[in-house]
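Structure, as structure tokens:
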């Protein structure tokens, strides 16, 4: 099991992340956090633990510096978030510990839009999962070009976001699925709601991360 605090440079910014990879992992899931969130988010860490229990590696990374995250407008700067996500992806492809692993994206809130845009730039991304995300912010043109399998997960009581996800879903022409978790609100704080979302994510990544890969020895 690898467990390391890492730093990825992007110009003058330094992105801090937590890399954790179980032995034999066929792939790694890179988390794109939503607005006002961070790699320390208890919700994303819960999902990450479920993914690692399923045998997948995880990289929870802050795509914005602390100073940048204090600016509300920057939190919704999808091009910036996308660029940072692609920078982290290249880092994974160049690091000895991770270069043999398939890569997937898990996006929440605005991070989902960045994940989908990044997937149109990097055609080797294995799969994308969005939890309570804003895939609509990726734009119809980008959504049309996504080629990897996409799972959209929304809470049953998250009315506005359900509508936005359904609209975005229509633009996707890849393998796709939209799952509504009954009784869940936007943050999936209800008992059992986040566990359901995490299991759906683990199943989706497990289906599309190639088990025949070299994996971590």
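The values are calculated or read from the model by the stated rules, or taken from the named source; none is laboratory data. Since we're looking at a predicted model, the values are computed, not measured. Ideal geometry is used to build each Cβ from the backbone, glycine not excepted, and the neighbour counts take in all protein chains shown.
In this structure, residue 96 qualifies as part of a loop (DSSP other than H, G, I, E, B) and surrounded by fewer than 19 Cβ atoms within 10 Å (Cβ to Cβ). Look at (1) more than 25 Å from residue 190 (Cα to Cα); (2) in contact with a helix residue (DSSP H, G or I) (Cβ under 6 Å, 6 or more places away or on another chain); (3) touching a residue at least 24 places away in the same chain (Cβ under 8 Å); (4) surrounded by fewer than 22 Cβ atoms within 10 Å (Cβ to Cβ) and you find that residue 81 fails only one, number (4).
What residue, among those in segment 39-55 that are in contact (Cβ under 8 Å) with a residue 24 or more places away in the chain and in contact with a strand residue (DSSP E or B) (Cβ under 7 Å, 6 or more places away or on another chain), is farthest from residue 203 (Cα to Cα)? Looking at residues that are in contact (Cβ under 8 Å) with a residue 24 or more places away in the chain and in contact with a strand residue (DSSP E or B) (Cβ under 7 Å, 6 or more places away or on another chain), I get 44. For segment 174-183, the criterion of being part of a loop (DSSP other than H, G, I, E, B), under 21 Å from residue 203 (Cβ atoms), under 19 Å from the mean Cα position of the chain (by Cα) and free of Cβ contacts under 8 Å to residues at least 60 places away in the same chain is met by at least one residue.
Scanning segment 128-142 for residues that are within 18 Å of residue 162 (Cβ to Cβ) and surrounded by 24 or more Cβ atoms within 10 Å (Cβ to Cβ) turns up 129, 130, 131, 132, 133, 134, 135, 138. For the condition in contact with a strand residue (DSSP E or B) (Cβ under 6 Å, 6 or more places away or on another chain), outside any loop (DSSP other than H, G, I, E, B), buried (at least 24 other Cβ atoms within 10 Å of the Cβ) and touching a residue at least 60 places away in the same chain (Cβ under 8 Å), residue 114 qualifies. The sole residue among 74, 87 that is at pLDDT below 95, farther than 19 Å from residue 135 by Cβ and assigned to a helix (DSSP H, G or I) is 74.
Across segment 2-23, not a single residue is classified as out of contact with any strand residue (DSSP E or B) (no Cβ under 9 Å at 6 or more places or on another chain), at pLDDT 95 or above and crowded, with 16+ Cβ neighbours inside 10 Å. In segment 189-196 there is at least one residue matching the filter, namely being free of Cβ contacts under 8 Å to residues at least 24 places away in the same chain, buried (at least 17 other Cβ atoms within 10 Å of the Cβ) and closer than 20 Å to residue 48 by Cβ. Counting only residues that are part of a helix (DSSP H, G or I) and modelled with pLDDT under 95, which one in segment 122-160 is farthest from residue 189 (Cα to Cα)? Per the stated criteria, the residue is 160.
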